Amino acid sequence: MILSAHERMIAKRYLLPGRGEGFIFLVAGISLFAVMLGVAALIVVMSVMNGFRAELFDKIVGLNGHAVVQGYGGKLPDWKQIMAEAKATPGVKSAIPLIEQPLMASYQGRVEGVLLRGMTVKDIRSNSSIQNKVLIGKLSDLVPGSGNVAIGARLADELGAQIGGSISLISPDGQTTPFGSVPRIVSYRVAAIFEVGVYDYDKSFVIMPIEDAQTLLLLGDTVGMVELDTVDPDKVGAILAPLAAKVGDRAVVSDWRSMNASLFEALAVDRVVSFVILSLIILVAAFNILSSLIMLVRAKTRDIAIVRTMGASRASLVRIFMTVGIVIGSLGIAAGVVLGFVILYFRQAMVNGIQFLTGQNLWDPSIRFLTELPARTDPLEVLGVVFMALVLTILATLYPAFKAAGTDPVQVLRYE
């Protein structure tokens, strides 16, 4: 919208409060503040939701792969053949053997339920979700036959276990005797403590070489599943369809979407609902701009009539009052973007500060899954929020602008 010099001068004067127009200026200021809050809230919430999904996806898929081929009964005797078939499937990047078994762990009288995870030494050391999250100790100490294991940080806290300590893993499937089955109890040395960042994993995982897991569980050369990574996790179903057809009589193929469907669907629904609700803040702000412009038009009726008699066109008045409303909205949008990024930058410090002041645990990892508040900003979403706010602002200026342009100077000035 291009304004002439006199239009810019009038619009600038109307943006500043005149005598007796403090209330109009107050309403305009509230409108600007409301736009700022709405834009900031939308940017923060959408970024946090994106961060939740991205962090959960990275951590869950980083540990569990895009899909698993799991044998019926929890055992996969011909896993080497299935690995070969998986690697030959177009779109599959890697296939690794895996053992997962829920057990009990004991340390100095404390007992916790754990999830034993047996992996090859190569896979343990190459898994970035574990390798880059070691708090203390070394994963290089996990070699077959060493009796060393790595455990999650939350599990270490619950058990009171430390590096070099000995934890006992209790398997209910032990040796069979004339008096029944005797649980199998084997002690292992804690060689490393890691923190993936997902509470459930950090509280339950015990990682050891796959050979040691096979010995503990009396599996021989059998594994529980084969973990798969594909070139595109969003197309994992189509990629693995041929493999699922081949192994359907021996095993079942489950991808990350089916294994975590409820979690990611809940996040998607929450994201949409939050966007709709917070968009109402911007809509209310647009109505505030509408009301402030209507009051401004009523207060400036005499001035508008004089301007019209001096030769100003209707289009000129439309541009002037639209400019006033758009400037208010644009300033609010710009302030909202800045405020949103400031909140995102200091988000964890703000959570910690509120927790300290209130004494309440606002971010319980056992409920939130993640140990810290995540955020990942999508530039396209930010542009979408800005565009939506700008469109609502422009729409809010149309009625007052055309109302001002429709002012009849004869009727206004006839008694002056």
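The values are calculated or read from the model by the stated rules, or taken from the named source; none is laboratory data. Given the structure is predicted, the values throughout are model-derived calculations rather than measurements. Here the Cβ is made from the backbone with ideal geometry for all residues, glycine too, and neighbour counts use every protein chain on show. The area values use the complete protein model at the heavy-atom level, side chains included, leaving out ligands, DNA and RNA. Shrake-Rupley method; radii C 1.70, N 1.55, O 1.52, S 1.80 Å.
Structure summary
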| item | result |
| --- | --- |
| Residue-span extension gain [M9 to I30] - 0.36 nm each, minus C-alpha spacing | 5.2 nm |
| DSSP-defined antiparallel bridges as percent of all bridges, the chain, nearest 5 | 80 |
| Additional length obtainable on full extension of the chain from V391 to K246, 0.36 nm per residue less Cα span | 46.8 nm |
| Alpha carbon convex hull of the chain, projected area averaged over orientations, nm² | 28.9 |
| Å² of accessible area per residue within the chain, as computed with a 1.4 Å probe and no ligands counted | 50 |
| Debye-sum result for the stretch 241-313 in log10 I(q)/I(0), which assumes one identical scatterer on each alpha carbon, at q = 0.15, 0.16, 0.22, 0.25 Å⁻¹ | -0.78, -0.81, -0.98, -1.05 |
| Mean Cβ count within 10 Å, highest first, over the residues of peptides 150-156, 305-311, 30-36 | 150-156, 30-36, 305-311 |
| Dipole magnitude (debye, nearest 20) for the stretch 47-115, charges at Cβ of Lys, Arg, Asp, Glu | 80 |
| Spread of Cα-to-Cα distances over 10 Å intervals beginning at zero, given as percent, for the stretch 189-344 | 7, 17, 19, 15, 11, 11, 9, 6, 3, 1 |
| With every protein chain in place, the stretch 139-255: carbon and sulfur % of accessible area (1.4 Å) | 53 |
| Average projection area in nm² (convex hull over Cα atoms of the stretch 178-239, one quarter of hull surface) | 7.8 |
| Whether the stretch 29-117 is rounded, prolate or oblate, judged on the alpha carbon gyration tensor where a/c under 1.5 counts as rounded | oblate |
| Point-charge dipole on Cβ atoms (K/R +1, D/E -1) for the chain, about Cα centre, debye to 20 | 1840 |
| Signed unit charges on C-beta, dipole axis of the chain, positive-most listed residue G74, T407, L217 | T407 |
| FRET efficiency estimate (nearest 0.05) - Cβ-Cβ, Q81 to F356, R0 45 angstrom | 0.20 |
| Cα centroid separation - the stretch 120-162 against the stretch 100-116, whole Å | 15 |
| Separation of the T120 and K93 label points, Cα + 7 Å toward Cβ, nm | 1.7 |
| Cleavage-rule hits, chymotrypsin sites (Phe, Trp or Tyr not before Pro), the stretch 124-233, DSSP coil, Cβ neighbours within 10 Å at most 15 | F179 |
| Positive-end residue of I289, W256, S313, charge dipole of the stretch 249-315 with Cβ unit charges | S313 |
| Nonlocal amide H pairs with S94, under 5 Å, H built at 1.01 Å | D229 |
| FRET efficiency, L218 to L398 (Cβ-Cβ, R0 60 Å, nearest 0.05) | 0.20 |
| Candidate lysines - alpha carbon under 18 Å from K12, same-chain residues fewer than 8 apart omitted | K300 |
| Length gained when the stretch A315-V111 is fully extended (0.36 nm per residue, less Cα-Cα span) | 65.5 nm |
| log₁₀ of I(q)/I(0) at q = 0.13 Å⁻¹ - the stretch 268-371, Debye sum with one point per alpha carbon | -0.73 |
| Listed pairs K138/K246; K138/K235; K93/K203 exceeding 32 Å between Cα atoms | K138/K246; K138/K235 |
| Signed unit charges on C-beta, dipole axis of the chain, positive-most listed residue V143, V342, N352 | V342 |
| List E227, E372, E100, ordered by accessible area with a 1.4 Å probe, largest first | E372, E100, E227 |
